[in-house]
Structures are given as structure tokens and as C-alpha cells.
1. Please go through the stretch 59-78 and pick out each residue that is touching a residue at least 24 places away in the same chain (Cβ under 8 Å) and of a type outside the set (A, V, I, L, M, F, W, C).
2. Could you list, ordered by first residue, the pairs with Cβ atoms under 6 Å in which the first is in the stretch 129-140 and in contact (Cβ under 8 Å) with a residue 60 or more places away in the chain and crowded, with 23+ Cβ neighbours inside 10 Å and the second is aliphatic (A, V, I, L, M) and in a strand (DSSP E or B), at least 6 apart or interchain?
3. Within the stretch 84-96, does at least one residue satisfy the condition of being basic (Lys, Arg), buried (at least 16 other Cβ atoms within 10 Å of the Cβ) and more than 13 Å from Thr37 (Cα to Cα)?
4. Taking the condition farther than 30 Å from Gly27 by Cβ and of a type in the set (Val, Ile, Thr), does Val89 pass?
5. I'm told Ala35 meets every condition in (1) touching a residue at least 60 places away in the same chain (Cβ under 8 Å); (2) part of a helix (DSSP H, G or I); (3) within 16 Å of the chain's Cα centre (by Cα) except one. Can you identify the failing condition by its number?
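No value in this document is a laboratory result; all are computed from the given coordinates. Everything numeric in this text was worked out from a predicted model, so none of it was measured. Methodologically, a virtual Cβ is constructed for each residue, glycine included, from the backbone with ideal geometry; neighbour enumeration extends over all protein chains shown.
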Amino acid sequence: METAGLVLAAGSGSRYGMPKALVPYGGKLLVERAAETLRSAGVARSVVVLGASAPLALPHTTGYAETVINPEWETGMASSLRAGLRTLVGTPAIAVVVLLVDMPEVTPLAVRRVSAHAAADALVMGGYQGRRGHPVLLGRDHWDGVLATATGDKGARDYLRAHAGVVRVVEVGDVAGDLDLDVPELNPDA
């Protein structure tokens, strides 16, 4: 039973002032950091979805993950989620763990904790002392539903809310952080 990894890194980072995939944090670009987190967590196959910064970010994913270019990145995160899921449809993965490129404090241990619950029918979210967050694991049985409902910048949020009764929340706040780098002021490397 294989779990795949998916990094959503296609946006232009309008609030940040530059594509977040190319933002340095802790000595690495965010796109490298996220792809390396998945690799270190032992996921079977990782996919990074690029868009706005694809030509500049692509060299930084080589050796870490397969790269998919989302030509519709301007429509929001949902199009990147759909592009990544479609790439994984023909694989043996029973689930995919999703990371957002701008959440650099998600650790390999957090990914492993969430991935430990991988199953085709699983919906799992990382928990931070009562707050739901990333990583998010989507079992294969839910991919069609996510593909059908993901819109704009919501990603799988509406699907997860509609299926809240079956979402398992796994505490990861003791081994990871839920910092979301929306603006440079939050980045110690800025």
C-alpha cells in the first residue's frame, strides 16, 4: 500500500510579493523544503505542482520529486490540487498526503503520523491543539469527489467540511508548526 506526496507550489504569492516556491526559509527554498520533507517522510512518489514560477523553480525540484506544470495556476490552488491528483490517478497509490509550499514547519514526522492512517477510504488532517491543518491525507476513494468540488483557493476544504464526520485529526503540533508564510514579515529569512 503506497502513499504518494503532493506539494502545491504554483501560486504567484501576490500577498508575499513573489512566488512562494522561490522564497528562502531556513537555508532552502520553500519548494525544496517541502519536496525534501516528503522524501524524508518516506512517501513512495512525490509530485510538485508548479505554475507562476515554473521555469525558475523547476531546477530546485530535480532529484526531489516529479514536477507537473499547472497552466491554470492563476485560477487558484484548486486547479493545482486537481493537476496533482490527475497525475497520481494511474499509480498504485492508495492515498496522497498534501503539503502547501508556504507551510515550512510541517516536518517529516508530521507527514509520517498522518500517513500512518493511509487507506483508500481515509481522510486525515494534521491537528494543532484543536486547529485542523496540514498535512492532509486524501484516500483514493475521495479523489473523484475532491476533483469535482475543488474550486478557487479552497482546495479540498469544502470536501473535507462536507465529510467532517469521517475526517480523522491526528495531533502533530508537538512535532510540527502550522506557520503559513503569507507575508514576508512572518519569515525570519526575509
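1. His60, Thr61, Tyr64, Asn70, Glu74, Thr75, Gly76
2. Filtered contacts from the stretch 129-140: Leu137/Ala95; Leu137/Val97; Leu137/Val124.
3. Initially, the stretch 84-96 is screened for residues basic (Lys, Arg), giving 86.
When the remaining residues are screened for being buried (at least 16 other Cβ atoms within 10 Å of the Cβ), the result is none.
Within the stretch 84-96, none of the residues are basic (Lys, Arg), buried (at least 16 other Cβ atoms within 10 Å of the Cβ) and more than 13 Å from Thr37 (Cα to Cα).
4. Yes, satisfied.
5. With respect to (1) touching a residue at least 60 places away in the same chain (Cβ under 8 Å); (2) part of a helix (DSSP H, G or I); (3) within 16 Å of the chain's Cα centre (by Cα), Ala35 is out only on (1).
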